[in-house]
Each structure stands twice: as structure tokens, then as C-alpha cells.
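Readers should treat all values here as calculations from the given coordinates under stated rules, not as data from a laboratory. Please read all numbers here as calculations on a predicted model, not as lab measurements. Quick reminder, even Gly has a Cβ in these numbers, built from the backbone with ideal geometry, and neighbours come from all protein chains shown.
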Amino acid sequence: MTFLPRASCVFGAVLLLVCRLPGSAAVPATPVPPPLPAVRTAAELVARLEAHVAQPRFSGSLWGVRVDSLETGRTLFAHHADRLMSPASNSKLYTGALALDVLGPDHRIVTPLLVRAKPDAAGTLAGDLIISGRGDPSWKSARRRDDFHGIFAPFVAVLRAAGVKRITGDIIADTTWFHAAPNGAGWTVDDLNDDYGAEIAAISLEDNYADVRLAPAATAGEPGAVTLIQPETGLVLDNRLVTAAPGAERQVVVRRLFDDNVVHVFGQLPVGAKEEFSEITVPRPAAWFARALKAALIREGIPVDGGARSVRWPDAPSAPADALKLGEIVSSPMRALVAGFMKPSQNLETDLIFAYLGEVRRTATTPTWRDSETLALGALRDFLRKHGLPADDVRFEEGSGLSRNNLTTANATVGLLRVMAKHAAAQDFANSLPIAGVDGSLKRRMADPATAGNVRAKTGTLRYANSLSGYVTTAAGERLAFSFMLNRNAGQPANRRVTLELDDMAVWLAGLATRSE
């Protein structure tokens, strides 16, 4: 099977295979100039960067740019570096740095499995099995999403180690540890239909979205075939896909209305077309987890007499105060979790770690109405101040960057990169970033020999907002930190991707032939 690439910032859309980003109106095609020669001196670099951002076609756009030498501390170039900009997924740089600083690279998220009483001598667990979620993002199959059943192996192993052979009560996925709404602050309703806007819950499954297989029938006029790949989602298919004549235009729309479990599939596929896959978010993902875990236990020979359900804040936790811990599921170390959301720019996993960072700050005196996100924002502000960074330049609503209201500056972002370059977790932070031409969201970008394998940077994309911030080593061996943010760019030439406006700048940095001093 071939799955469509996952969109993890804001790529992908309700319209299958129709990307609504960057969303700007294209201007008529213009000749693409040949690549410029490498710059030799810092003065030439400054002149080229200044000429680039000052082009007339950017007259209605906003740039925020800064480039610093990590060796001398000198700022090589700055252009409106104090301007508040929408960073999009460059926000993840802040969440990743915060997690490594506050929790440490070796920290692991521990999810307890709670019961009211231990199993008896016959292995019968009387009552409910409660999975008390803490936001571990690990419960997903491999990249191809073709090992759904393997997700539950650790839970089966814990129960077997505890001697459980039967459960008389319910499987309960309890997400009340997060005091959180199912969406991040500042998200739009449109986001919630797509994989990049999947619901936030302290228990997640498959990043909280399912795959839909689409295929034509053998005869024109017949309904197309629409199938959900993962089981137990609770989604209901409304198949309005028809099969068109061979060679007809392919048109497909996959849509789930807000707060509904019906997936509507409209459009047509021509006879002979290859099967395709789309993604759709699953509402109340913890309930999906509970149903799927129950099915997995039964499949593994552990009968469950009760049902499967979930509970979320502000409802009370399911476990009594004197609940016993039957066992626990332990996540990968934080360095791996940070890389797991940073490289592919995965929003849900970022927001799970962000909410976790908020909840570890909660005390007995914290008001119950103060949500996880607000607590995490407080932790971020404390982190910035501790490291002498301009906290007032970082005005976030959530941690992934999907909010259109997140704002920061090139000054603050380069400052963050400089702090993390000297941090005890510097290598883990650098290793978490996408590498140009190699992996993550930069795998197909900056294949130029100067940048491939060299630039490590976080991408960011929203409608009318593009960012690229990270590290590069020049041809002279000098390490630089940079932040490029371009907002409101509504006049991009049709034959030139907006990402090239940022990538070209990184290529020029990489090719700098002399040291900046």
C-alpha cells in the first residue's frame, strides 16, 4: 500500500490531494533566474540578503530575519528582527527546548494502569482496568501505519506480568490528568477535520486520526469503495463516491463535520485509477483507545466482561483515591519524543508534551480551572527569563504553532538557538531538528551540496506564514544560527515555491567562504 504523505503542520486539507496552503493567489509566471554564485565575505552576504528581502514583490509582505555567529556572538545580519511575526511550526523550537531544559533528555512519561483490587489466585481482575493517561504520544504504529495491533503489546505484557487472565469490569481510558480542551487555543474550526488538527487528549492512538482507503469500482456508474483501515474508531462512513469513465477527472472530498462521527466522502474516481488514502481525525480518541485495547486483550486471550469507555476533564477521575497500581507503561526518553515531533513537525505530539509540561507544574493549590496549556505557557515564560531571553517577544497561545495568534521575533528565536547551542542538552536539541536533504520536513529541501546534511532547522508553514530557523556551518567552518520568517506573502510567482525564498538564504549562509570576523 502507498499512503499519501502525512501533513503535520497545516498541509493536507479537507479536499483530498488538494492542498489549501499557502493559500495565496499566484501571480503570472516569471522567469526563474539562475542560482547566484557563492558569497565570499560577510559584506557580500549582507548585501545579498538585503537585496533579497527588499525585492518589490515583497512590498506587501513582512520579513523578520536575523543571522548570528555562534563562535563570535556577532550578528551578521538583521532585518526587522524585533518584529512580531507568526512563526507557524517554528513554535516547536520553543516547546522542544522547554522540554529538554525542564524535564531533561532522559525523562520518561510513566502511564499507570490502576485497579481497585489485585487479581485473585485464578487471575480474575474484579472491576475496572483504568489507564490513567499522562500524554505519552508513543501509542501508534510504524510510519506506514500497518501494525495497529502491535500498539497494544506493552499493555498485554503488563497484564500478563501481573497474572491477569480475566477482567470483569470495564476498560476505562482516563484522560482527566490533563485539564485541557480537545483543541489548542487559537486553532480554527477548519483545522479540526485534518490530521494536523487532531484532538488533544492525555491518551492518544495513532496520533488521533484514521486512514481511509478509496478505490473505484470496475464499472462506471457504480459506487466507489471506501474503507476505514484502523478498527474500533467509532466513525461511520457516508459513501457518496462514484466511479467515472476511464480517463475522467479525479475529484474527491473527504469531510467530517465538527463534533460528528460521520465521514462524508464525495466525488468521483475513474475506472482503473489506483487506490488512494486519505486521513480523517477521530473524535474522542481516548474512547477509540479503550475500544481498541479491549479488542486487543480479547484477541490475546484475556476476556473482558465489561465495556470500553473514556472520561475527560472536567469530569472526576475514574480511579478512587485508594486505587492500586497494577503496572505501568514507560515512554521513550524525552530526547526521542522531542525528535518525534520536531522532525516531522507533528502538531498533536508537540501539544501533548506541552500539556505535560504544564501539568508537572500543577500543585495542590493550583485552581482546577487553570488549564494545562496556561500552565505550560507559564513554564515557557520562566524558561525564557531564566536564560535571559526576551519573554515579551514570545506571545504564544499553544505549543505547536497551529494557532494563528502565536507570535515571536527573529531576535527571540536566534536567542533561543544560541542558548540551546550551549545547553547541557545541546546535542539532543540539534539532533531533533530536520536535516536538509536527509530527513523530516527538510528531506526534500535544500539538496544543494552546501546545505544537504549541513542545515539543521525547523520549518514552519501556515497560510501566509513561512519560517525556517536553525543552524548551519559555513564553507569556512563557522557555525551560524539563523531565523527567517516571511509573513503575508500573497504574491508568490506561480513557478516558484515560497519555501525557496527561505532555502536560498540558507544556501547563501552555507556557502560563505570566509569567516565573519
List every residue whose amide H lies under 5 Å from the amide H of V263, counting only residues 5 or more places away in sequence or on a different chain, with H placed 1.01 Å from N in the peptide plane.
V236, L237, D238
Pair-distance profile P(r), taking every C-alpha pair of the stretch 161-272, with 5 angstrom steps and integer %
2, 10, 15, 16, 15, 12, 10, 7, 6, 4, 2, 0
What are the ³J(HN,Hα) values, in whole Hz, obtained from phi via the Karplus relation 6.51 cos²θ - 1.76 cosθ + 1.60 with θ = phi - 60°, for each residue of the stretch 310-318 in sequence order, with x given for Gly and Pro?
9, 9, 9, 4, x, 5, 6, x, 6
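As a footprinting exposure proxy, order I203, I130 by other Cβ within 10 Å, with the fewest listed first.
Values: I203 28, I130 24.
Ranking I203, I130 by Cβ neighbours within 10 Å, fewest first, gives I130, I203.
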What is the log10 of I(q)/I(0) for the stretch 253-337, computed with the Debye formula using one identical point scatterer on each Cα and no solvent, at q = 0.17 Å⁻¹?
-1.07
Once the principal axes of the Cα atoms of the stretch 103-237 are found, what is the range along each, listed largest first in whole angstroms?
62, 39, 27
Acute angle (nearest 10 degrees) that the helix 499-510 long axis makes with the longest principal axis of the chain, alpha-carbon atoms:
60 degrees
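Which value, in debye to the nearest 20, describes the size of the charge dipole of the stretch 206-281 about its Cα centre when Lys and Arg Cβ atoms bear +1, Asp and Glu Cβ atoms bear -1, and nothing else is charged? Can you show the working numbers first?
Values: 6 positive and 12 negative charges, 72 e Å.
Approximately 340 debye in magnitude.
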Report relative contact order for the stretch 206-281 in percent, whole number only (criteria: Cα-Cα under 8 Å, sequence separation at least 6).
38 percent
Given a Förster distance of 25 angstrom, what is the FRET efficiency for H149 paired with V438, based on the Cβ-Cβ distance and rounded to 0.05?
0.20
Using only Cα atoms, what is the ratio of the radius of gyration of the stretch 206-281 to 2.2 N^0.38 Å?
1.10
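Write down, largest first, the equivalent ellipsoid semi-axes of the stretch 120-193 in whole Å, where each equals the square root of 5 times an eigenvalue of the alpha-carbon gyration tensor. Mind showing how you got there, number by number?
Working: eigenvalues 195, 65, 18 Å².
Over the Cα atoms of the stretch 120-193, the semi-axes work out to 31, 18, 10 Å.
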From the C-alpha gyration tensor of the chain, square roots of 5λ in Å:
42, 31, 18
By how many degrees, 0 to 90 and rounded to 10, does the Cα axis of helix 285-299 deviate from the longest principal axis of the chain?
50 degrees
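So for the stretch 398-516, what percent of the C-alpha to C-alpha distances run longer than 23 Å? Don't skip to the end; give the middle numbers.
Working: 2081 of 7021 pairs.
Summing the P(r) of the stretch 398-516 above 23 Å gives 30 percent of all pairs.
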Ranking of T499, T408 by count of other Cβ atoms within 10 Å, fewest first:
T499, T408
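Below 8 Å, C-alpha to C-alpha, sequence gap of six or more: please give me the relative contact order for the chain in percent.
Details: 1247 pairs, mean separation 131.4, N = 517.
Computed over the chain, the figure is 25 percent.
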Any idea what angle helix 372-386 forms with the longest principal axis of the chain, computed on alpha-carbon atoms, 0 to 90 degrees, nearest 10?
40 degrees
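Just the number, please: percent antiparallel of the DSSP beta bridges in the chain, rounded to the nearest 5. Intermediate results must be reported in sequence, preceding the final value.
Working: 57 of 78 bridges.
Antiparallel bridges make up about 75 percent of those DSSP assigns within the chain.
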Assuming 0.890 mPa s and 25 °C, estimate D for the stretch 472-517 with Stokes-Einstein, Rh taken as the Kirkwood radius over Cα pairs, in µm²/s.
204 µm²/s
With no solvent and one equal point scatterer placed on each C-alpha of the stretch 74-118, evaluate the Debye formula and give log10 I(q)/I(0) for q = 0.14, 0.16, 0.32 Å⁻¹, two decimals.
-0.64, -0.74, -1.09
Two-site FRET efficiency, E249 against S332, from Cβ-Cβ distance with R₀ of 45 Å, rounded to 0.05
0.50
